[in-house]
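Notes follow the structure.
We did not get these values from a lab; they are worked out from the coordinates using the rules stated. A quick note: this is a predicted structure, and the numbers were derived from the prediction, not measured. So basically every Cβ, Gly included, is an ideal-geometry build from the backbone, and we count neighbours across all protein chains shown.
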Amino acid sequence: MNIALVTGSAGLIGSESVAFFAEKFDLVIGIDNNLRSYFFGAEASTDWNRKGLEEKYNNYRHYSADIRSEEEIGKIFEEYGTDIKLVVHTAAQPSHDWAAREPFTDFTVNANGTLVMLESTRKYCPEAVFIFTSTNKVYGDTPNFLPLVELETRWEIDQNHPYFLNGIDELMSIDHSKHSVFGASKVAADVMVQEYGRYFGMKTAVFRGGCLTGPNHSGAQLHGFLAYLMKCAITGNHYTIFGYKGKQVRDNIHSWDLVNMFWHFYQNPSAGEVYNAGGGRFSNCSMQEGIAICEEITGNKMSFSYADDNRSGDHIWYISDLTKFKNHYPEWTWKYDLKTTLTQMYDNISKRV
């Protein structure tokens, strides 16, 4: 039997992984204890998504287990053993601001939880491919010291800089910068996933995401930029822009496109690999530009205000360079552009609010 195991399976990337791999594996095991509702409140609960997965996929089996528990996770791995061929680890505490409130919780979920998953894989199914959703925040605020130029609706990098054409590559230092508490815990996990590949020879890959997005995102004020923006555009709830004149730029990758990257790596894996994973030059926007697109799609004028204080360690401009991944897997490319993704969000969120 071929089994894919997905943590954070009711979240955005986790649920997309379940849907994608349910068609390719005999069984998909999901691990998710809805800790997101603890982080961001009942409105961010992923229960609705879990129920949908259980109803739609007969070969999906859900476990409400805590990834920090060696005992709970070990029992699941022991039950299925070497039948587990793929582990997709997406479970995380994903917010800068929240991490500063409870650093111990943030670190144990992001770093310790990842170690539990890695060690369980090594112990019970060492030949499995292990995929980890990291973040561009591992680069800290180093991107903010690039030569940036202020344009009418966005910040942009100087056109003579090597990053102008395709964005930031994997060789940018993850050292000597301010990461945020969240970014630091993800660095620890990121490096450990690399180490299990390089030291133990396991087939591991780190995907350093830009803004991961899609119609199944349970957006909240502290996490899920586009999903929360669209939610406010639909409901009329007030949105606050934090710093940088609302011109800060993010690249946005649809959850399906990211999981399709996982699939390509699974079919031809290597050990301890690192890839940037975002929308690149194909799909990106500033806050101001994102608001304009949401207003166009919904037909609503948004209620928003501006706060001068930016989030500590936040990026002014970040666009991912996916050249390395595309060179390794030339058949992969993006399927969903920004406007298509936001239109999907509008359709999905409208049914839930």
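For the chain, a simple Cβ point-charge model (Lys and Arg +1, Asp and Glu -1, everything else neutral) yields a dipole of about 320 debye relative to the Cα centre. Taking the longest Cα principal axis of the chain as reference, the axis of helix 12-21 is set at about 50 degrees.
For the stretch 230-319, chymotrypsin sites (Phe, Trp or Tyr not before Pro) are listed when DSSP marks them as loop and at most 16 other Cβ atoms sit within 10 Å of their Cβ; the list is empty.
Note on residue 56 and residue 263: their simple-model spin labels are 1.4 nm apart, each label 7 Å out from Cα toward Cβ. The C-alpha atoms of the chain define a longest principal axis, and helix 287-298 lies at about 80 degrees to it. Taking other C-beta atoms within 10 Å as the exposure proxy, 177, 185, 286, 17 rank 177, 286, 185, 17 from fewest upward.
For the stretch 8-55, what does the relative contact order come out to in percent, with C-alpha contacts under 8 Å and a separation of six or more? Before the final figure, lay out each step's value.
Numbers: 42 pairs, mean separation 20.8, N = 48.
Result for the stretch 8-55 is 43 percent.
For the chain, the longest principal axis of the alpha carbon atoms and the long axis of helix 113-124 meet at an angle near 30°. By the count of other C-beta atoms within 10 Å, a proxy for reagent exposure, 54, 79 are ordered fewest to most as 79, 54. Taking the number of Cβ atoms within 10 Å of each Cβ as an exposure proxy, the fewest-first ranking of 131, 293 is 293, 131. Placing R0 at 25 angstrom, the Cβ-Cβ distance between residue 150 and residue 191 gives a FRET efficiency of 0.15 after rounding to 0.05.
Multiplying the residue separation of residue 175 and residue 24 by 0.36 nm and subtracting their alpha-carbon distance yields 50.5 nm. Close amide H partners of residue 239, meaning residues 5 or more places away or on another chain with modelled amide H under 5 Å apart, are 303, 304, 305.
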